[in-house]
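Nothing in this text is a laboratory measurement; each read-out follows from the coordinates by a stated rule. Please read all numbers here as calculations on a predicted model, not as lab measurements. Here Cβ is always computed from backbone atoms with ideal geometry, including for glycine, and neighbour counts include all displayed protein chains.
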Amino acid sequence: MKTIVELKDATVQVNNGFDEVKTIRDHVNLTIYEHDYITILGGNGAGKSTVFNVIAGTLMLTGGSISILGEDVTHLPAQKRANYLARVFQDPKMGTAPRMTVAENLLIAKFRGQKRGFVPRRIHHYQEEFEQLVQKTGNGLEKHL
């Protein structure tokens, strides 16, 4: 089975501002395989968001490693990790441009993490690809492309 995301002995420590180091997560091991559907449960402060922030690169590890699709991304910043993953937040407008169409948002996401210049968007070149993509979700987005 293909490994998608793997955390090995992932440790996160932060300085609380009073010259004290606090360990938020300590030696976390997690392997997510292709086609896995996982849920991370826990109360406030349990570290759920910390795990996602570490994977996304918005919070760096102080120990251990992270790989995505077999590539070590432990020291890559969030913008480089964007080549491998995307996040959907609880607030549906975070990470999207609410005044843009679904197709325009998908076009932004398609090239997220890549160097882009100021060029015409040529969105019609991607219309068929986006139609096929949103049909897979089964939530009627194809009507709003």
So the strands (runs of 3 or more DSSP E) completely within region 1-109 holding 1 or more residues that are among the aromatic types (Phe, Trp, Tyr) are 21-33
Which members of region 12-30 meet the condition of being closer than 14 Å to Thr50 by Cα and either surrounded by 12 or more Cβ atoms within 10 Å (Cβ to Cβ) or touching a Lys or Arg at 6+ places or on another chain (Cβ under 7 Å) (or both)?
Val12, Gln13, Val14, Thr23, Ile24, Arg25, Asp26, His27, Val28, Asn29, Leu30
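Restricting the search to region 60-73, which residues are surrounded by fewer than 18 Cβ atoms within 10 Å (Cβ to Cβ), over 20 Å from Ala109 (Cα atoms) and out of contact with any Lys or Arg (no Cβ under 6 Å at 6 or more places or on another chain)? If you could, list the steps in order and put the result at the bottom.
Narrowing region 60-73 to residues surrounded by fewer than 18 Cβ atoms within 10 Å (Cβ to Cβ): 60, 62-63, 65, 67, 69-72.
Then keep just the ones that are over 20 Å from Ala109 (Cα atoms); that gives 60, 62-63, 65, 67, 70-72.
Hits for region 60-73 are Met60, Thr62, Gly63, Ser67, Gly70, Glu71, Asp72.
Taking the options Val102, Val54, name whichever one is among the hydrophobic types (A, V, I, L, M, F, W, C) and in contact with a His (Cβ under 7 Å, 6 or more places away or on another chain).
Working: Val54 fails: in contact with a His (Cβ under 7 Å, 6 or more places away or on another chain).
After applying the criteria, what remains is Val102.
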